[in-house]
Amino acid sequence: MNENNVESLILHGAISGNILPLTSSCNMRCVFCSHSQNPSCVKVCRIAPRSRVEVERTLSFMDRAYPVIIGESVTRVIEGEPFTHPEIEEILQLVRNRFKGTTIKITTNGSLLDERKVEGLRALGRVVINLSLNSASEKGRALLMGDVNAQNSIKCPLLLKKHGVPFHGSVVAMPHLVGWQDLCKTIKYLSECGAQTIRIFLPGYSKLAPPALRFEPSILNKLHLFIARLREKISTPLICEPPVIQDLEPRIAGVIADTPAGRAGIQTGDLIVAVNTVNPLTRVQAFREVYRTASPVLTIKRRDKQIKVWLNKKSLESSGLVMDYDIDPALIEDINRVIRRRRASEALIMTSEFAGPVINMALRQFYRGTAKIQVLIARNKFFGGSIKAAGLLTIEDFIIALEGFLNDASGWRPDLIMLPGLAFDHLGRDLTGCSYMDLAEKYNLVVETL
């Protein structure tokens with residue numbers, strides 16, 4: 001990938017997500033790292049530690065009203081460990097000088113955070129750490145992450161707690177490698193150290209993963225049951241990624257302590273009926289409505305009673321509510337808008353194994369148009385293994401799914417195909433560099449991304 005394309009990706013991430021890439025360098029060798037399981041033709045890019053001049057240029061495209069995101073792998077720029085950057089402290093001070101009251105969110109493995117650095121984070125103010133601990137045992141960190149200094153890394157949550165730096169914990173759950181007891185101890189340790197939330201990522205592997213990393217599909221159900229039992233013992237909100245979505249009710253999965261929601265007495269399991277006068281249809285809509293509203297009044301259903309709760313918060317301030325991600329009803333509005341604009345009478349929505357059931361639920365509940373819509377699951381054949389995510393689908397996957405569908409559809413042929421925008425970059429290219437317009441040309445059909 002040439003320099004102009006890399007800069008284009010960086011600027012697009014800054015504008016659309018307030019993402020500030022610093023370096024692709026990493027001091028760990030995680031067995032679950034997706035980059036080691038990528039086919040060679042995947043178009044991602046590595047960056048050397050960026051200069052302060054480059055960082056300053058990127059900051060000029062970012063919005064001070066939203067958190068600055070550092071170290072989180074959400075674009076095609078490979079994100080490394082931010083604290084390997086030789087000028088990380090100067091860069092964080094640069095961000096703070098530019099954005100005085102803006103939250104800075106940093107994802108780190110914690111291995112390079114010592115007393116002095118953590119004190120520096122506290123002094124910067126409004127820094128939130130996403131700590132990828134993965135195991136609270138030296139043996140587990142060494143096995144999962146190749147951490148040769150695991151003892152210091154495991155102390156990181158204690159340092160953050162000592163200096164009052166808020167943090168969220170995360171664990172890639174691999175009980176088939178480290179055992180269920182290690183996973184349980186890690187989650188409990190993060191909770192005891194004061195993690196605001198703990199994200200447990202379901203493991204995944206591609207067809208290129210070595211046999212030792214593979215697991216039986218039944219482990220996913222076991223993991224969900226395991227987390228459900230832990231929730232009964234731990235007050236810290238536990239978030240499973242991806243969640244199991246069986247309905248679209250805006251039910252609260254957890255409440256972070258000492259936040260507007262926590263102080264207002266909102267409880268896990270409460271159902272949000274209204275935010276001021278808005279009746280949210282899904283978890284995503286409820287969460288966003290609360291987030292962007294100043295001093296919202298929530299109508300809550302708790303068991304068989306309805307109560308009103310006032311949250312003392314500013315607009316765009318975190319409420320402390322934790323909710324599973326389901327779907328934004330605006331997506332159904334977008335689908336309807338595209339159908340009307342294209343004057344389509346028969347539309348096909350192609351999506352992933354994870355997203356398909358949720359989109360079907362939303363269409364049944366919210367779609368009021370007249371066009372016939374079918375949802376087609378495209379399986380992740382390109383990456384293979386246990387991958388089921390929309391963001392990792394390729395044009396090749398869509399072609400395989402569409403070929404099978406058209407052969408079995410008894411002559412039914414859509415006049416519009418809609419694809420998940422997550423599978424494509426801002427130029428409409430998938431992870432192999434193919435454009436979604438290749439699909440339109442191959443089948444002589446109208447194709448759009450959502």
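A short reminder: the numbers here are calculations on the coordinates, not readings from a lab. As the structure is a prediction and not an experimental result, all values here were calculated from the model. Cβ atoms come from the backbone with ideal geometry, glycine included; neighbour counts cover every protein chain shown.
A few remarks follow.
- Interchain or long-range residues, amide H under 5 Å from S137's placed H: none
- Paired Rg and Dmax values of the chain, which use every Cα atom, in angstrom: 22.5, 68
- Entries of K43/K207; K117/K207; K117/K313 with Cα pairs more than 28 Å apart: K117/K207; K117/K313
- Translational diffusion of region 254-322 was estimated from the Stokes-Einstein equation, with Rh taken as the Kirkwood radius over Cα pairs; at 37 °C and 0.692 mPa s the coefficient is 282 µm²/s.
- Two-site label geometry, E192 and N221: point separation in nm, points 7 Å out along Cα→Cβ: 3.3 nm
- Net charge of the neighbourhood of R229, taken over other residues with C-beta under 15 Å away and scored Lys/Arg +1, Asp/Glu -1, is +4.
- If you take the Cα centroid of region 50-66 and the Cα centroid of region 1-48, the two points sit 17 Å apart.
- Of the peptides 108-114, 201-207, the order by per-residue mean of other Cβ atoms within 10 Å, starting with the highest, comes out as 108-114, 201-207.
- Near the amide H of V128, within less than 5 Å, lie the amide hydrogens of I104, K105, I106, all on another chain or at least 5 residues away, with H placed in the peptide plane.
- Positive-end extreme of charge dipole, region 3-241 - chosen from V171, M62, V44 (charges on Cβ): V171
- Cβ-based charge dipole, the chain, positive-most Cα from L348, G140, A440: G140
- Beta bridge orientation in region 329-449: antiparallel %, DSSP, nearest 5: 10 percent
- HN-Hα J in Hz across region 230-244 - Karplus 6.51, -1.76, 1.60, θ = phi - 60°, x for Gly and Pro: 5, 4, 6, 10, 10, 7, 4, x, 9, 10, 8, 10, x, x, 8
- Cα gyration tensor shape for region 1-145, rounded if a/c is under 1.5, else prolate or oblate: oblate
- Counted charge near K313, where neighbours are those whose Cβ lies closer than 11 Å (Asp, Glu -1; Lys, Arg +1): +2
- Of the peptides 397-406, 95-104, 214-223, the order by per-residue mean of other Cβ atoms within 10 Å, starting with the highest, comes out as 397-406, 95-104, 214-223.
- Separation of alpha-carbon centers, region 377-450 and region 327-342, rounded to whole Å: 18 Å
- A cut-off of 5 Å between modelled amide H atoms, ignoring neighbours fewer than 5 places along the same chain, links V375 with I349.
- For region 132-249, the square roots a ≥ b ≥ c of the C-alpha gyration tensor eigenvalues yield an a/c of 1.5 or more together with a/b not exceeding b/c, which makes the shape oblate.
- For L450 and A228, a Förster radius of 30 Å and the Cβ-Cβ distance give a FRET efficiency of 0.40, rounded to the nearest 0.05.
- A straight chain from K442 to Y325 at 0.36 nm per residue would run longer than the Cα-Cα distance by 38.7 nm.
- Cα-centred dipole magnitude for region 254-322, charges only on beta-carbon of K, R (+1) and D, E (-1), debye, nearest 20: 100 debye
- Estimated dipole of the chain in Debye, rounded to 20 [Cβ of Lys and Arg +1, of Asp and Glu -1, Cα centre]: 1160 debye
- Shape of region 329-449 from the C-alpha gyration tensor: rounded (a/c under 1.5, with a ≥ b ≥ c the square roots of its eigenvalues).
- Farthest towards the positive end of the charge dipole of region 254-322, among the residues S318, G254, T277, is the Cα of T277, using unit charges on the Cβ of Lys, Arg, Asp and Glu.
- Averaging 1/r over each pair of different alpha-carbon atoms in region 3-241 and inverting the result gives 18.7 Å, the Kirkwood hydrodynamic radius.
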